[in-house]
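One structure below.
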Amino acid sequence: MTYSEALTQAFDVIRRTIPKMGADRPAIGRSDFKYARCHDSHWVDGFWSGQLWLAYAETGDRTFLEAARAQRPYFIQRLDRPETHDHDLGFLYILSLVADTKLTGDEVACRGALRAADSLAGRYNPRGRFIPAWNWRSESDPNRGRIIIDCMENLNLLFWAAEQTSQTCYRDIAVAHAHTTIDTIVRADGSTYHSYIFDPDTGEPLRGETVQGYADESCWSRGQAWGIHGFAMAYCYTGDEQFRATAVRLAEYALAHLPDDHVPYWDYRLPDDAPHYRDTSAGAITAAGLFLLADVLDDASQADRYRAAACAILDALIAGYALFDHPEAEGLLAQGASHVAEGLADNMLPYGDYFFLEALLRAQGRTAFFW
Ligand code: GLY
């Protein structure tokens, strides 16, 4: 199957899922390839909207535009509920209101996305120079001083807001957080901790930990993928050479540890007796990140190597995991691993679907996205 044929099939799945999804959004796949719905206040709420906007941008089909716009009231009203906000405001609002702003110039969407950026910037801890992950119920909750590699993707909301408003404070926070991530989460061998804990009152870095990976000293493959794509985007916004070099180090580690069939397991450092679930979402994000990184490298042969590796991952996802032949499937990719320690593996995942679409579009030479 060509990438163009895969895109056509993906758009068909999304088109037939629109009436089933209604005003709701996909949360996590079930064994019958239907999605459990988000209902409210989920960190994955933006990925369905992101697929709809990508489909509209590529096809011009107003069915996708109308479905994406039908999601807008949800994202606007969530702005008024700060208790539902955390570090994931970037994922939520880049793929909804920023996408709308970029594609249609809509001012309501733009004002909403800037409010989301304000909420994200308001989380910044200047002592530790980081944006804390998740929320906390007490002063002693470690989340007060926790960062996670995933947050690299959320920084794009701040970079976008800085460009939109010409206010450098958004960019300063994003740059500071990215450098803190390099100094703590990124290890010398190019692997990553999922999470790093700081003393939230002094800002002192304390220790690396995992939340969704196999072990504190392992390398959660989706985290590594967030880092490749996230640092490549940070380089695109800033031109800071350290961000590009970090994306390369993370990419090299991932490429050296991918299995021979190119689809990552959920962690790159699994002992033989650990459960070996695939994480197709990590594969899709890695492929999108490698295409993106290849586009900003100076060395043409290195760029070609990254594009070839991204195509190999994409080919393996299409051949072994795409759900195009399932007439009832509400998603695009099987066998994502959301959180293995909580028993959430072998599922369709909305972020796997979104990044599969982004990677297919990047494979076709598209470079305009919403990040
Ligand atoms: N950002 C959460 C995850 O990747 O599961």
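Figure legend. Inter-residue proximity from the range 135-152: first residues within 19 Å of His177 (Cα to Cα), second residues among the polar types (S, T, N, Q) and within 12 Å of the ligand (Cβ to nearest atom), beta-carbon distance below 8 Å, spacing 6+ or different chains. Indicated pairs: Arg146/Ser195; Ile147/Ser195; Ile148/Ser195; Ile149/Ser195; Ile149/Gln224. Against the list (1) of a type outside the set (Phe, Trp, Tyr); (2) touching a strand residue (DSSP E or B) at 6+ places or on another chain (Cβ under 6 Å); (3) more than 12 Å from the ligand (Cβ to nearest atom), the condition Ser338 fails is (3). All conditions in (1) more than 22 Å from Leu314 (Cβ to Cβ); (2) in contact with a helix residue (DSSP H, G or I) (Cβ under 8 Å, 6 or more places away or on another chain); (3) surrounded by fewer than 20 Cβ atoms within 10 Å (Cβ to Cβ) hold for Arg15, with the sole exception of (1). Might you check whether a residue that is closer than 29 Å to His42 by Cβ, surrounded by fewer than 17 Cβ atoms within 10 Å (Cβ to Cβ) and either more than 16 Å from the ligand (Cβ to nearest atom) or aliphatic (A, V, I, L, M) (or both) occurs anywhere in the range 343-351? Yes.
Quick check on Asp172: is it surrounded by fewer than 17 Cβ atoms within 10 Å (Cβ to Cβ) and assigned to a helix (DSSP H, G or I)? Taking the combined requirement at face value, the residue satisfies it.
Counting the residues of the range 39-59 that are over 26 Å from His339 (Cβ atoms) and crowded, with 21+ Cβ neighbours inside 10 Å gives 3.
Contact map, the range 55-66: first residue of a type in the set (Gly, Ala, Ser), second residue buried (at least 16 other Cβ atoms within 10 Å of the Cβ), Cβ cut-off under 6 Å, separation 6 or more or different chains; pairs are Ala55/Phe11; Ala55/Ile14; Ala55/Phe64; Ala57/Leu103. The numbered conditions (1) surrounded by 19 or more Cβ atoms within 10 Å (Cβ to Cβ); (2) over 20 Å from Asn156 (Cα atoms); (3) in contact with a Gly (Cβ under 9 Å, 6 or more places away or on another chain) are all true for Ala36 except (1). Considering only residues that are over 21 Å from Thr210 (Cα atoms) and either of a type in the set (Asp, Glu) or touching a Ser or Thr at 6+ places or on another chain (Cβ under 8 Å) (or both), which ones fall in the range 332-341? Residues satisfying the conditions are Leu333, Ala334, Gln335. Taken over the range 251-298, the residue count meeting the criterion of being closer than 16 Å to Phe369 by Cβ and either in a loop (DSSP other than H, G, I, E, B) or aliphatic (A, V, I, L, M) (or both) is 9.
Considering only residues in the range 54-97 that are of a type in the set (Lys, Arg) and over 26 Å from Ala10 (Cα atoms), the one that is nearest to the ligand (Cβ to nearest atom) turns out to be Arg78. Identify all residues within the range 8-30 that are in contact (Cβ under 8 Å) with a residue 60 or more places away in the chain, more than 19 Å from the chain's Cα centre (by Cα) and part of a loop (DSSP other than H, G, I, E, B); write none if there are none. Matches in the range 8-30: Arg30 only.
Of all residues in the range 219-249, count the ones that are more than 20 Å from His262 (Cβ to Cβ) and either small (Gly, Ala, Ser) or within 16 Å of the ligand (Cβ to nearest atom) (or both). Here the count works out to 6. Consider the range 134-152 and keep the residues that are within 16 Å of the ligand (Cβ to nearest atom) and buried (at least 24 other Cβ atoms within 10 Å of the Cβ). The one that is nearest to the chain's Cα centre (by Cα) is Asp150. Report yes if some residue within the range 114-129 is more than 16 Å from the ligand (Cβ to nearest atom), within 27 Å of Ser191 (Cβ to Cβ) and surrounded by 23 or more Cβ atoms within 10 Å (Cβ to Cβ); otherwise report no. Checked against the condition, which is being more than 16 Å from the ligand (Cβ to nearest atom), within 27 Å of Ser191 (Cβ to Cβ) and surrounded by 23 or more Cβ atoms within 10 Å (Cβ to Cβ), the range 114-129 yields at least one hit. The residue of the range 190-216 that is surrounded by the most Cβ atoms within 10 Å (Cβ to Cβ), among those that are more than 16 Å from the ligand (Cβ to nearest atom) and either within 18 Å of Ala232 (Cα to Cα) or basic (Lys, Arg) (or both), is Ser191.
Readers should treat all values here as calculations from the given coordinates under stated rules, not as data from a laboratory. The shown structure was predicted, so the numbers you read here are calculated from the model rather than taken from an experiment. When we count neighbours, we look across all protein chains shown, and the Cβ atoms used for this are built from the backbone with ideal geometry, even at glycine.
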